Each structure stands twice: as C-alpha cells, then as structure tokens.
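Structure first, commentary second.
The values are calculated or read from the model by the stated rules, or taken from the named source; none is laboratory data. Because the structure is a prediction, the values reported are computed rather than measured. Here the Cβ is made from the backbone with ideal geometry for all residues, glycine too, and neighbour counts use every protein chain on show. Only protein heavy atoms, including side chains, enter the accessible area calculation; ligands, DNA and RNA are left aside. Shrake-Rupley method; radii C 1.70, N 1.55, O 1.52, S 1.80 Å.
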Amino acid sequence: MSDEQRLPPGIGRTRQFEVYVSGVRGVYPRVPVSYEHLEHSARGAMSAEAFAYVAGGAGREETMSSNRAAFERRRIVPRMLRDVSRRDTSIELFGARLPSPLLLCPIGVLDLAHRDADVAVARAAATEGVPMVFSNQASRPMEECAAAMGDAPHWFQLYWSTSNELVESLVSRAERCGCSAIVLTLDTTMLGWRVRDLDLASLPFLRGRGLAQYTSDPTFTAAVRATLDEDLPPTGRVTLAALGALWELAGAYPGPRLGNLRSKETRAAVRRFVETYSRPSLSWDDLAFLRERTRLPIVLKGILHPADAVAAIEHGMDGIVVSNHGGRQVDGSVATMDALPGIVEVVAGRIPVLLDSGVRSGADVFRALALGATAVGLGRPYVWGLAAGGEEGVREVVRNVWAEFDLTMGLAGCRSIEEIDGDTLERAG
Ligand SMILES: Cc1cc2nc3c(=O)[nH]c(=O)nc-3n(C[C@H](O)[C@H](O)[C@H](O)COP(=O)(O)O)c2cc1C
C-alpha cells in the first residue's frame with residue numbers, strides 16, 4: 001500500500017463512500033441529502049402547525065430570503081495543486097478542540113418534529129462531537145439531554161425572563177449539568193410577527209409545548225404553586241378545539257396526563273410563562289447581573305451591528321453570534337453574511353464571532369469562515385433531519401454538512417481552517 005493510500009480519507013470521502021457503497025446494496029440515505037428534499041420529507045412527517053412553526057419567518061419572510069441571497073452572492077475561488085490530501089476541519093473554541101466548526105443552534109419545541117425531541121438531538125450531537133446548544137424553550141429538561149451527552153460538549157441558551165430568580169436558577173442548573181457556555185439570546189425580547197403561525201392561530205407554548213426548562217425548574221414551579229389560589233382567567237366557551245388543547249397541555253406537562261387534566265397547575269404554569277418569559281426592558285446594564293453569577297463564557301446571540309459587538313466586549317462578554325434568528329424576528333433585517341464582515345473587523349480577533357441564519361450546506365460553512373466566522377450554527381436543517389429520521393436523521397444531516405465542508409475545503413485548496421481566508425472568496429454583484 002502506498003503512503004497516499006494510507007492517509008485518512010477525511011469525513012468528506014468517508015461519507016461519500018458510505019452512501020455510494022450502501023447504494024450498491026440498494027440502501028439509500030435515511031434522510032435526503034439535498035436540502036429541498038430534506039425539508040419536503042420532514043414536512044410529510046409533521047402537522048401543518050408544526051411545519052409552519054419551524055419553517056416560518058417574520059412578516060413577508062424577506063429576511064429569510066436575504067440570508068440565502070447573501071450566501072449566494074459570495075463565490076468561492078478554488079486554488080489548485082496544493083496537496084490537500086490531509087485536511088483538518090477542527091477548531092478551538094473556549095478552550096475546547098472541536099472536530100468541526102459546527103454547532104447545533106438552540107431550537108425550541110423540538111417535539112413538534114419528533115417525540116424524542118431534544119434527547120434525540122443530544123445523542124446525535126454527542127456521537128458526532130458537535131456541541132448542542134440546549135434551548136430555553138426545549139421540550140425536554142436540560143438535565144435529561146446532558147445525561148444523554150456524557151462528556152460531549154453542550155451549551156445552554158438563556159432567554160432573560162422578568163424573573164431574575166428564574167434566570168439565576170436556569171444558569172446554575174446549566175452549570176451543574178456540565179454546560180460549557182451560556183448563550184444569551186437578545187433578539188427575542190418579544191416574539192416577531194410570524195404570519196404563518198398567526199394565520200393558523202397557533203403558538204405551541206399555549207398548549208404547554210416547549211416549557212420543559214420551566215416545568216422542571218424549582219424556582220418556576222414554586223412561583224406557579226404560589227399562584228394556585230388565585231382565580232384563573234375564564235376559559236371562554238368550551239369548544240372541541242379547547243378540549244383538544246387542554247388534552248395536549250396535560251400530556252406536555254410532567255406527570256400522568258389524567259392527574260394533570262384535573263390539576264390547576266398545568267394552566268397556571270402556562271399563565272406564569274406567558275406573564276414572565278419576555279423582558280423588553282432588557283438593557284446593556286443588566287449584563288453585569290449575569291456576568292457576576294457565572295464563570296462560564298457568555299455568548300450574546302443576535303448581534304447584527306458592529307457597535308453592539310464592541311459593546312459586548314466592553315461588557316465582558318466572551319463571544320457573539322451574528323444571527324437574525326433565522327429571519328423569525330425582524331422582517332427586512334440585514335442578512336447575517338452581510339453583517340459579518342463589519343463585525344469581524346471591529347472585533348479584531350478579541351472574541352470568537354459565530355454566525356447562523358441561512359446555513360444550508362458545507363459550502364455555506366466555508367463561506368462564513370472565509371468572511372471571518374469562528375464557527376457556524378446549524379438550525380432548521382437538523383430539525384428537518386429530526387422530523388424525517390429521528391436521532392439518525394440528525395446525525396446524517398450533521399455528517400452531510402460536515403462532509404461537504406471537508407470536500408469544499410480541500411477542493412478550494414485549503415488544508416486547515418486557518419487557510420480559509422478572504423482570498424478564497426469573491427463577491428458577485
Ligand atoms: C423552530 C425554531 C425555534 C427556535 N428556537 C430558538 C430558541 O429557543 N432560542 C434561540 O436562541 N433561538 C431559537 N431559534 C433560532 C435558531 O437558534 C437559529 O438562530 C436559527 O434557526 C438560524 O436560522 P436557520 O435555521 O434558518 O439557519 C429557533 C429557530 C427555529 C427555526
């Protein structure tokens with residue numbers, strides 16, 4: 001065997017051959033490799049409301065299109081004859097070496113996609129060594145997901161509610177279950193104007209979905225129990241739909257469904273959530289509260305303006321995510337790939353700059369890194385993988401994006417992440 005043949009093939013070639021060799025036996029990929037087919041396949045496995053919640057964006061969904069257009073405007077300029085037989089896709093982030101520059105974005109209400117929800121994603125992420133960011137709006141408590149991940153890297157995403165006690169409690173739970181960073185999402189102090197959900201008059205949280213971090217939290221549940229003597233607002237006319245919602249709520253709440261149907265606690269918990277989850281008054285000065293309460297790196301998610309990136313550094317933050325929440329918050333917002341260069345310039349390497357929103361392929365990962373991102377968050381694609389194929393579906397989506405990234409890197413003439421720089425990209429139009 002020649003030296004050349006002994007070289008590890010890398011994830012790209014390994015994955016390709018896995019697929020092609022299986023094809024010889026008549027076995028096809030569990031979930032489609034192409035993004036469009038993947039989304040289509042997931043749609044078939046989801047209710048209309050669930051699909052709308054995941055697929056939808058704010059307003060006319062222009063931000064979602066802009067996110068894609070901004071990727072498509074950047075063209076990779078491959079270089080030749082550079083011996084790319086060995087490629088290293090690993091990065092260093094907050095003192096940890098990660099096998100790829102990928103993270104799984106925090107995504108709420110994953111049980112809309114699959115009953116194993118966050119736990120299936122956690123297992124898949126752990127197998128691939130890709131950090132999972134547990135959502136504040138998860139369908140399963142962070143402790144359950146952390147247990148499924150063992151030593152594999154996981155982070156916690158926080159929404160700052162009106163209750164600082166709850167914020168403290170969530171952060172200390174995240175520390176106890178081995179999270180290695182806190183991601184504070186800034187762009188959702190109120191829900192965006194999501195027309196698909198509005199047309200279906202559907203918000204999962206009102207049916208008790210996506211509240212697992214709350215209903216498993218001692219501070220939250222104590223506050224709910226303290227309100228049980230108060231009268232709940234009248235439910236209005238009892239319709240079949242209302243009974244269905246109550247049934248769903250009782251099923252989503254911890255404990256036996258029949259007991260939950262009789263208990264006031266389930267409805268009181270939803271009311272408490274609605275009253276407290278959003279904090280539009282949040283401002284830069286509040287960050288000191290969080291900074292004092294955790295030694296974990298704090299990453300601000302939702303930064304789109306260079307001045308906010310500078311402010312993040314000035315307030316002692318450890319990283320930022322350039323994100324527009326996948327176009328779900330402000331319609332007509334700047335695309336993340338358009339915001340990235342200006343932010344990278346002012347940050348000047350002082351803290352990691354991550355990017356999400358619109359990443360659909362390995363070529364997109366390459367383009368974001370070429371513009372200066374340290375790592376990239378994968379969002380909707382892994383939710384489609386979950387809907388279409390559960391844990392294995394998520395694994396395949398992650399492996400496919402990573403494989404394409406590895407091949408793109410090599411075919412563009414880069415052997416390591418450091419070699420992916422501005423020279424490898426040109427702007428079309
Ligand atoms: C269904 C859905 C739920 C989401 N839930 C959360 C969440 O709970 N917390 C959060 O910080 N971001 C949340 N996000 C935003 C993602 O973390 C990420 O920014 C976004 O999905 C990136 O856009 P893309 O999926 O189009 O690539 C959610 C996104 C989707 C699609």
Inset, instruction - Work out how much length E92 to L261 would gain on full extension: take 0.36 nm times their residue separation and subtract the Cα-Cα distance, in nm to one decimal. - result: 56.0 nm
Legend entry - Cα centroid of segment 376-427 to Cα centroid of segment 162-181, whole Å: 30 Å
Inset, instruction - Quickly work out the E49-to-Y28 label distance, labels modelled 7 Å from Cα along the C-beta direction, and quote it in nm with one decimal. - result: 3.2 nm
Inset, instruction - Evaluate the relative contact order of segment 382-429 (contact order divided by residue number), counting alpha-carbon pairs under 8 angstrom at least 6 apart; express in whole percent. - result: 20 percent
Inset, instruction - List the relative contact order of segment 116-198 as a percent without decimals, with contacts defined as Cα pairs under 8 Å and 6+ residues apart. - result: 28 percent
Legend entry - Inter-probe distance in nm under a simple model that places probes 7 Å from Cα toward Cβ, at A69 and R225: 5.4 nm
Inset, instruction - Report ³J(HN,Hα) in whole Hz for each residue of segment 348-353, in order, from the Karplus equation J = 6.51 cos²θ - 1.76 cosθ + 1.60 where θ = phi - 60°; Gly and Pro get x. - result: 6, x, 6, 9, x, 10
Inset, instruction - Please give the length that would be gained between L243 and S283 if that part of the chain were fully extended, namely 0.36 nm times their separation in residues minus their C-alpha to C-alpha distance (nm, one decimal). - result: 10.4 nm
Inset, instruction - With a point put 7 Å past each Cα toward its Cβ, work out how far R82 is from R271 in nm, to one decimal. - result: 6.2 nm
Inset, instruction - Tell me the Kirkwood hydrodynamic radius of the chain in angstroms, computed as one over the mean inverse distance between distinct C-alpha pairs. - result: 22.4 Å
Inset, instruction - Provide the gained length on full extension for the span V21 to L198, in nm with one decimal, where the gain is 0.36 nm per separating residue minus the Cα-Cα distance. - result: 59.1 nm
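Under the rule a/c < 1.5 gives rounded, and otherwise a/b versus b/c splits prolate from oblate, where does segment 18-167 land using the Cα gyration tensor?
Numbers: a/c = 1.39, a/b = 1.25, b/c = 1.11.
Verdict is rounded for segment 18-167.
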Legend entry - Rounded accessible area of F71 (nearest 10 Å², 1.4 Å probe): 0 Å²
Inset, instruction - Round to the nearest 0.05 the FRET efficiency obtained for A147 and R427 when R0 = 35 Å and r is the Cβ-Cβ distance. - result: 0.15
Inset, instruction - DSSP loop (so not H, G, I, E, B), at most 15 other Cβ within 10 Å: list which trypsin sites (Lys or Arg not before Pro) in segment 91-181 pass both filters. - result: R115
Inset, instruction - Could you work out the relative contact order of the chain, using alpha carbon pairs under 8 angstrom and six or more residues apart, expressed as a whole percent? - result: 28 percent
